[in-house]
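J.: For reference, the structure I am asking about is given below.
Since every read-out is calculated from the coordinates, none of them should be taken as a lab result. Bear in mind that the values here come from a model prediction, so they are computed numbers and not experimental data. Note that each Cβ is placed from the backbone with ideal geometry, even for glycine, and that neighbours are counted across all protein chains shown.
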Amino acid sequence: MPEKAVYGRNDFLDLVAIGTVADLAPLLKENRVMVIEGLAELNSNRRPGIAALARVSRLDAGSYTAESIAFGFGPRINAAGRLAHAYDAARLLSTNNSIDAERYAQALDSLNRQRQRLTADLSARAEAMIDPAAPILIAADKDFVSGVVGLVASRLAEKYYRPAIVMEQGEEVSRGSCRSIDEFHITDALDDAADLLVRRGGHAAAAGFTIRNENLPAFIDRLTALAQEKLGGLELRPTIAIDAELDLDEVDMALYQELRKLEPTGIANPPPIFASRRVEVIHHKAVGQDGAHLQMRLSSTTGSKRQVVPSIAFRQGEWTKQMPQLVDIVYTINLNKWNGRTNLQLMIQDIKPAEMET
């Protein structure tokens, strides 16, 4: 009879941390404790699969954070289930063979790039189907892929600040993914249309469902009416809670190291968000696929150092067409590691032309 494997209490904490962060669980209470312990285990770098995944994610071994999981490991692991089979990710995380790990990691990285291209393409197609001023945004197509409809719905909800539903239409049934805003509980809305659905599930901000195609017109009418009733009289604008206002000259490595003491941050426990006013745009350009993102070099106009700080604003590349010289910005502070160099970087959450001085 084969001998049973014996595992210690910490042997799977690295996987617990990855699962907790990648599945967007709140980083509070016991979740936070498990992620702290799991990151310590993760940074011991015992799994060949983690080392290989770090290489394709361009992450430095031994310095993984919750953000490393959220934006490096997580998307690549999730890409397997979205476009292929989740077992592909399980093989990577369970193998003891470094050569196999490298091959599995490369495959997941390739799937993730495919997922990025597909999400961008389907988002553009979904945008062409919706009325941005409607109380709820609904797009459906037989060519939509079930593994990415949630990502497409997220982009629509984020861009237009409306609840969004994106569906993959099959021959007889359609499968939809929903993303919503604070003012509209999407699962309550699905409950109000339960008689039209095969199954449903979710929470206030995100949900999924299956529906027979003959019920689609009635479903769309009912959800639109519900959204109009709840949202019709409201000015729908996203808000950002700012923790402190800084002069850009105050952003330095010492501040970053203090902020690190608050880690791990993420869902329900976000990193501190700062604002700076009348910041000078020294340089700007569109970067990424189709110039979707905005890269800037910014400087204080009031501090004594007038240091220049790099920044990145995802999905805000349109600003390059009308960039003012002075802007007000909202951001978090991060490290950017590239070509062996490490620099502070602002992760821009919002940007607007600077307000006039009074």
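J.: Enter the mean projected area of the convex hull around the alpha-carbon atoms of the stretch 189-272, in nm², rounded to one decimal.
T.: Details: hull surface 35.5 nm².
The Cα convex hull of the stretch 189-272, projected and averaged over all directions, gives 8.9 nm².
J.: Next question. Over all distinct alpha-carbon pairs, what is the Kirkwood Rh of the stretch 1-158 in angstrom?
T.: Numbers: mean 1/r = 0.0582 Å⁻¹.
It is 17.2 Å.
J.: With springs only between Cα atoms under 10 Å, which of Pro324, Pro217, Pro264 fluctuates most in a Gaussian network model of the chain?
T.: Maximum fluctuation in the GNM of the chain, among the listed residues, is at Pro217.
J.: Taking 0.36 nm per residue of sequence separation and subtracting the Cα-Cα distance, how much length would be gained by fully extending the chain between His203 and Lys337, in nm to one decimal? Don't jump to the answer; show the numbers that get you there.
T.: Details: separation 134, 0.36 × 134 = 48.24 nm, distance 3.62 nm.
Computed gain between His203 and Lys337 is 44.6 nm.
J.: Considering only DSSP beta bridges where both residues belong to the chain, give the percentage that are antiparallel (nearest 5). Working shown, then result.
T.: Details: 49 of 58 bridges.
Of those bridges, close to 85 percent are antiparallel.
J.: Treating only the Cα positions of the stretch 244-353 as identical point scatterers, give the base-10 log of I(q)/I(0) from the Debye formula at each q in 0.21, 0.24 Å⁻¹.
T.: Debye curve over Cα of the stretch 244-353, log10 I(q)/I(0) at q = 0.21, 0.24 Å⁻¹: -1.21, -1.46.
J.: With a sphere of radius 13 Å drawn around the Cβ of Leu262, what net charge do the other residues whose Cβ falls strictly inside it have (Lys, Arg +1; Asp, Glu -1)? It would help to have the intermediate numbers written out before the result.
T.: Details: positive: Arg32, Arg260, Lys261; negative: Glu67, Asp243, Glu258, Glu263.
It works out to a net charge of -1.
J.: Report the Cα centroid-to-centroid distance between the stretch 263-327 and the stretch 159-189 in angstrom, as an integer.
T.: 31
J.: For the chain, set up a Gaussian network in which alpha carbons nearer than 10 Å are linked by springs, and say which option among Leu255, Leu196, Leu298 fluctuates the most.
T.: Maximum among the listed residues: Leu255.
J.: Please list, by residue number, everything in the stretch 308-349 whose backbone N is under 16 Å from a paramagnetic label point 7 Å out along Cα→Cβ of Glu245.
T.: It comes to 327-331, nothing else.
J.: Kindly point out which whole DSSP H helices in the chain project their C-alpha atoms 15 angstrom or further along the helix axis while averaging a Kyte-Doolittle hydropathy of 0.0 or above.
T.: Numbers: long enough: 29-42 (20 Å, 0.10); 98-129 (46 Å, -0.76); 149-160 (16 Å, 0.43); 216-231 (22 Å, 0.42).
Within the chain the helices that satisfy the rule are 29-42, 149-160, 216-231.
J.: Can you give the translational diffusion coefficient of the stretch 145-189 in µm²/s, computed by Stokes-Einstein from the Kirkwood radius over Cα pairs at 37 °C and 0.692 mPa s?
T.: On the way: Rh = 10.8 Å.
Rounded, D is 304 µm²/s.
J.: Okay, next question. Just the number, please: percent antiparallel of the DSSP beta bridges in the stretch 105-197, rounded to the nearest 5. Mind showing how you got there, number by number?
T.: Details: 6 of 11 bridges.
That works out to approximately 55 percent antiparallel.
J.: Here is a follow-up. In the stretch 130-231, if every C-alpha pair distance is counted and binned at 10 Å from zero, what percent goes to each bin?
T.: In order of increasing distance, the bins hold 18, 56, 26, 1 percent.
J.: Go ahead and run the numbers for FRET between Val287 and Asp350, Cβ-Cβ distance against an R0 of 25 Å, rounding to 0.05.
T.: Values: r = 18 Å, r/R0 = 0.74.
Given R0 = 25 Å and the Cβ-Cβ separation, E is 0.85.
J.: Still on this structure, please answer the following. Mind grabbing the base-10 log of I(q)/I(0) for the stretch 78-207 at q = 0.19, 0.22 Å⁻¹? Debye formula, identical points on the C-alpha positions, no solvent, two decimal places.
T.: Taken in order of the listed q values, log10 I(q)/I(0) reads -1.03, -1.22.
J.: Also, quick follow-up: Of Ser123, Ser180, Ser98, which has the largest mean-square fluctuation in a 10 Å C-alpha GNM of the chain?
T.: Looking only at Ser123, Ser180, Ser98, the largest GNM fluctuation is found for Ser98.
J.: Please tell me the relative contact order of the chain in percent, rounded to the nearest whole number, where contacts are Cα pairs under 8 Å and at least six residues apart. Walk me through the numbers before you get to the answer.
T.: Values: 636 pairs, mean separation 37.0, N = 358.
Contact order relative to length: 10 percent.
J.: For the chain, take every pair of Cα atoms, bin their distances at 20 Å starting from 0, and report each bin as a whole percent.
T.: 25, 55, 19, 1, 0
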